[in-house]
Amino acid sequence: KAKATKRKTALPLAAADAVCIITGFDAFGLSKANPSELVVETFPDILKTTPDEDHKKPLELVVDKVYLETQGHKAWKTLKQKLDQTRKELDQAKSDAAIVLIMLGLAQNAVGLQLERFAINLRDYRIKDNSGEQIEDKPIADKGPDLLRTIHDLRPIRDNVREAGYPCLISNHAGTFI
């Protein structure tokens, strides 16, 4: 479990136990706003875990907020730049902190948070993105696997989110838009 705290200055990456990159998208399609952008905007700058049997001291995660345009090529380029920049900063600081990536999005009929088991290596847009592009049946990474499965057991995460009072379920994938 992690407790959110706000700080005026971010913890230096070198001192962080992990870096959490959280992304949200701008509005697209018929939506006037995208809740994922609002969640990122209000997300805390630091997450601090509660000690347990596995971790005797609290872990601190620096949160790096990234806003992505709902434009396929721009979004992937922005995300790759942020991942590369974060890895470079951690390497320069000689830190072995993990990078945790949380990508938020908008599912039109969702009634709560959905944790995804798989990422699909496919761009197949049912509507045009905000640049007017409608990609069909193209891989995100030409040489990548068709699916990537999370390495984490999502059930305890789901249970913790529900205990915190938020609706949450496990979904198999987030789809193929952007």
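The values are calculated or read from the model by the stated rules, or taken from the named source; none is laboratory data. Here the structure is a predicted model, which means the values were calculated and not measured. So basically every Cβ, Gly included, is an ideal-geometry build from the backbone, and we count neighbours across all protein chains shown. In case anyone asks, the SASA skips ligands and DNA or RNA and just uses the protein heavy atoms, side chains included. Shrake-Rupley method; radii C 1.70, N 1.55, O 1.52, S 1.80 Å.
Compute the separation of the alpha-carbon centres of the range 34-89 and the range 122-178 and state it in Å as a whole number.
If you average the Cα positions of each part, the centres end up 16 Å apart.
Per residue, how much accessible area does the range 106-178 have with a 1.4 Å probe, in Å²? List each step's numbers first, then the result.
Numbers: 5290 Å² over 73 residues.
Normalised by residue count, the accessible surface of the range 106-178 is 72 Å².
When only Cα pairs under 8 Å and 6 or more residues apart are kept, what is the percent relative contact order across the range 34-74?
On the way: 31 pairs, mean separation 14.6, N = 41.
The normalised contact order for the range 34-74 reaches 36 percent.
Can you tell me the accessible area per residue over the range 30-100, all protein chains present, probe 1.4 angstrom, in square angstrom?
With the other protein chains kept in place, the range 30-100 gives 65 Å² per residue.
May I ask what percent, to the nearest 5, of DSSP beta bridges between residues of the chain are antiparallel?
Taking every DSSP beta bridge with both residues in the chain, the antiparallel ones total about 35 percent.
As a check on your grasp of the helix formula, calculate [θ] at 222 nm for the chain: sum -39500 (n - 2.57) over DSSP H runs of n ≥ 4, divide by the residue count, round to the nearest 500.
On the way: 3 runs with 39 residues, N = 178.
Helices in the chain give a 222 nm mean residue ellipticity of -7000 deg cm²/dmol.
Residue by residue through the range 111-127, which ³J(HN,Hα) values in whole Hz follow from phi under the Karplus form 6.51 cos²θ - 1.76 cosθ + 1.60 (θ = phi - 60°), with glycine and proline marked x?
After applying 6.51 cos²θ - 1.76 cosθ + 1.60, I find 10, x, 6, 10, 8, 9, 6, 10, 10, 9, 7, 7, 10, 8, 8, 6, 10 Hz.
Using +1 on the beta carbon of Lys and Arg, -1 on that of Asp and Glu, and nothing else charged, what's the dipole of the chain about the Cα centre, debye to 20?
320 debye
For the range 88-105, in order, what is each residue's ³J(HN,Hα) by Karplus, 6.51 cos²θ - 1.76 cosθ + 1.60 with θ = phi - 60°, in whole Hz (x at glycine and Pro)?
Taking θ as phi minus 60°, the curve returns 4, 4, 5, 4, 5, 7, 6, 9, 9, 4, 6, 9, 9, 10, 10, 10, 9, x Hz for the range 88-105.
Gaussian network model of the chain, Cα springs within a sub-10 Å range: biggest mean-square fluctuation belongs to which of 164, 33, 75?
For the chain, modelled as a Gaussian network with Cα springs under 10 Å, the answer is 164.
Quick one: which of 126-133, 137-144 comes out on top by average Cβ neighbours within 10 Å, and what's the full order, highest first?
Ranked by mean Cβ neighbours within 10 Å, highest first: 126-133, 137-144.
When the distances between all Cα atoms of the chain are binned every 5 Å from zero, what whole-number percent does each bin get?
Calculated over all Cα pairs of the chain, the distribution is 1, 7, 13, 19, 21, 17, 12, 6, 2, 1, 0 percent.
Which listed residue (63, 170, 160) has the Cα farthest towards the positive end of the charge dipole for the chain, taking +1 on Lys and Arg C-beta and -1 on Asp and Glu C-beta about the Cα centre?
63
Share of the chain's accessible area from carbon and sulfur, percent, 1.4 Å? List each step's numbers first, then the result.
Working: 6320 of 11740 Å².
Ligands and nucleic acids excluded, carbon and sulfur give 54 percent.
What residue among 151, 99, 22 has the largest mean-square fluctuation in a Gaussian network model of the chain, using Cα springs under 10 Å?
151
Taking the Cα centre of the range 28-110 as the origin, how large is its charge dipole in debye, to the nearest 20, when only Lys and Arg (+1) and Asp and Glu (-1) carry charge on their Cβ atoms?
In total the dipole reaches around 320 debye.
By average Cβ neighbour count within 10 Å, what is the ranking of 87-93, 23-29 from highest down? Don't jump to the answer; show the numbers that get you there.
Numbers: 87-93: 13.0, 23-29: 18.7.
Ranking, from highest mean packing down: 23-29, 87-93.
Determine the relative contact order of the chain: mean sequence separation of Cα pairs under 8 Å and six or more apart, normalised by residue count, in whole percent.
Rounded, it is 24 percent for the chain.
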